[in-house]
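The values are calculated or read from the model by the stated rules, or taken from the named source; none is laboratory data. Small disclaimer: the values here were computed from a predicted structure and weren't measured. Virtual Cβ from ideal backbone geometry, glycine too; neighbours counted across all protein chains shown. We work out accessible area using only protein heavy atoms, side chains counted, and drop any ligands, DNA or RNA first. Shrake-Rupley method; radii C 1.70, N 1.55, O 1.52, S 1.80 Å.
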Amino acid sequence: MSNTKTGPKPPPFEPELAEILPAFAGFVPVNMTADQIEKYRAMPIPPISEQIGDRPVQCVDFTIPGYQGVDIVVSVISRKDHARPGPGIFHVHGGGMVMANRFAGASDLVAWAMKFDAVCVTVEYRRAPENPDPIPVEDCYAGLAWMAAHAKELLVDPERIIIFGGSAGGGLSAGTTLLARDRKGPKLFGQLLQCPMIDDRNETVSSYQFQGIGIWDRLSNLTGWTALLGDRRGTDDVSIYAAPARATDLSGLPPTFIDVGAAEVFRDEAVAYASAIWAAGGDAELHVWGGAFHGFNQMAPDAAISRAANAAREAWLERMLSRK
């Protein structure tokens, strides 16, 4: 493998996706350094009212104790006519561990509240670098524990809670799932990990293939992990809850859905994570979308490959929620 500045040759982007990339130049965190985090934090995220639109869905905020008792906020998104216990979805937003807020990607939660009558909880975990590891993953675990403890009031079936996150949110979801397993905490029904950010070591082929191109590249990834871990990044002093790819035992996990683009930094770590779940005798479904860049189904939702990816994800959710 080449470790040169340009890295090994990357696979091509799918043509329909490649066409739209130029429109995102300057608006996506490529070549992001620590001094640019504030710039990308300032990028607007649609308010939840806009994501709900005219659908009969409500969003209610709660202040709860996060890690070490510090107040954090969770939002509960549900149909206005939700009347009996049903599935719960606990959401962890993406943003490279340093950006975005709990409403990033919440349009999925609104759609699932409508389609599955799910009660969705999205957590405002504290972000790095101001709040380094273990604060973000511990805040997420606190949010999940709160959801499970308040299942009765929320009209959630505590046996049917699925954790969901993409990118950094996928990594934090995987870490939260490991915490729940090891602490014998809330029993998760499934975990849905999209292009998860799970390996601080950045030594895979795909981590070298994508520098200066796409939506999230090698330098931005190093910046995000350094913000979270500081000088510990890449050393032996990193827990499996911060970087789940470091886990050597992936037994005892709930059924897992993982998807990732073939043309992104996180490809190889996502594939390895699914393989490790299978090796431990677990249940995992893996999709690697040829030519897809990071976050493609949100950046280009109308592209044919995005529609296919979203349909696969919905089909997995539907199958999971039909299980007894």
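Filter region 300-320 down to the residues that are touching a helix residue (DSSP H, G or I) at 6+ places or on another chain (Cβ under 9 Å), in a helix (DSSP H, G or I) and either at pLDDT below 95 or not aliphatic (A, V, I, L, M) (or both) and list them by number. Result: S306, R307, N310, R313, E314, E318. If the condition is being part of a helix (DSSP H, G or I) and surrounded by fewer than 17 Cβ atoms within 10 Å (Cβ to Cβ), then region 266-299 contributes A272, S275, W278, A279. For region 50-65, the set of residues classified as within 16 Å of A104 (Cα to Cα) and open to solvent by 80 Å² or more (accessible area, probe 1.4 Å) consists of E50, D61, listed by residue number. Residues that are open to solvent by 20 Å² or more (accessible area, probe 1.4 Å), over 26 Å from W146 (Cα atoms) and touching a residue at least 24 places away in the same chain (Cβ under 8 Å) within region 188-208 comprise R201, T204, V205, Y208, listed in sequence order. Q68 satisfies every condition listed in (1) open to solvent by less than 10 Å² (accessible area, probe 1.4 Å); (2) at positive phi; (3) of a type outside the set (G, A, S) except (1).
Just one of the numbered conditions (1) in a loop (DSSP other than H, G, I, E, B); (2) free of Cβ contacts under 8 Å to residues at least 60 places away in the same chain; (3) crowded, with 19+ Cβ neighbours inside 10 Å is not true of A180: (1). Taking the condition under 23 Å from L229 (Cα atoms), open to solvent by 40 Å² or more (accessible area, probe 1.4 Å), among the charged types (D, E, K, R) and in contact with a strand residue (DSSP E or B) (Cβ under 8 Å, 6 or more places away or on another chain), does D35 pass? No: the conditions fail for D35.
Residues in region 226-256 that are in a helix (DSSP H, G or I), among the charged types (D, E, K, R) and open to solvent by 50 Å² or more (accessible area, probe 1.4 Å): D231, R232. Assess whether L155 counts as being surrounded by fewer than 19 Cβ atoms within 10 Å (Cβ to Cβ) and of a type in the set (A, V, I, L, M, F, W, C). Spelling it out, L155 is indeed surrounded by fewer than 19 Cβ atoms within 10 Å (Cβ to Cβ) and of a type in the set (A, V, I, L, M, F, W, C).
Scanning region 79-99 for residues being within 12 Å of the chain's Cα centre (by Cα) and of a type in the set (A, V, I, L, M) gives a total of 2.
A search for C-beta distances below 9 Å between a residue of region 43-56 that is closer than 18 Å to V76 by Cβ and in contact (Cβ under 8 Å) with a residue 12 or more places away in the chain and any residue that is of a type in the set (A, V, I, L, M, F, W, C) and in a loop (DSSP other than H, G, I, E, B), counting only pairs 6+ apart in sequence or on different chains, returns P47/F103; I48/F103; Q51/F103. The test for being buried (at least 20 other Cβ atoms within 10 Å of the Cβ) and either of a type outside the set (A, V, I, L, M) or in contact with a Ser or Thr (Cβ under 7 Å, 6 or more places away or on another chain) (or both) does not hold for G185.
Whenever a residue of region 89-106 is over 17 Å from I135 (Cβ atoms) and in contact (Cβ under 8 Å) with a residue 24 or more places away in the chain, its partners that are in a loop (DSSP other than H, G, I, E, B) and β-branched (V, I, T), lying with C-beta atoms within less than 6 angstrom and at least six residues away or across chains, give the pairs F103/I45; A104/I45.
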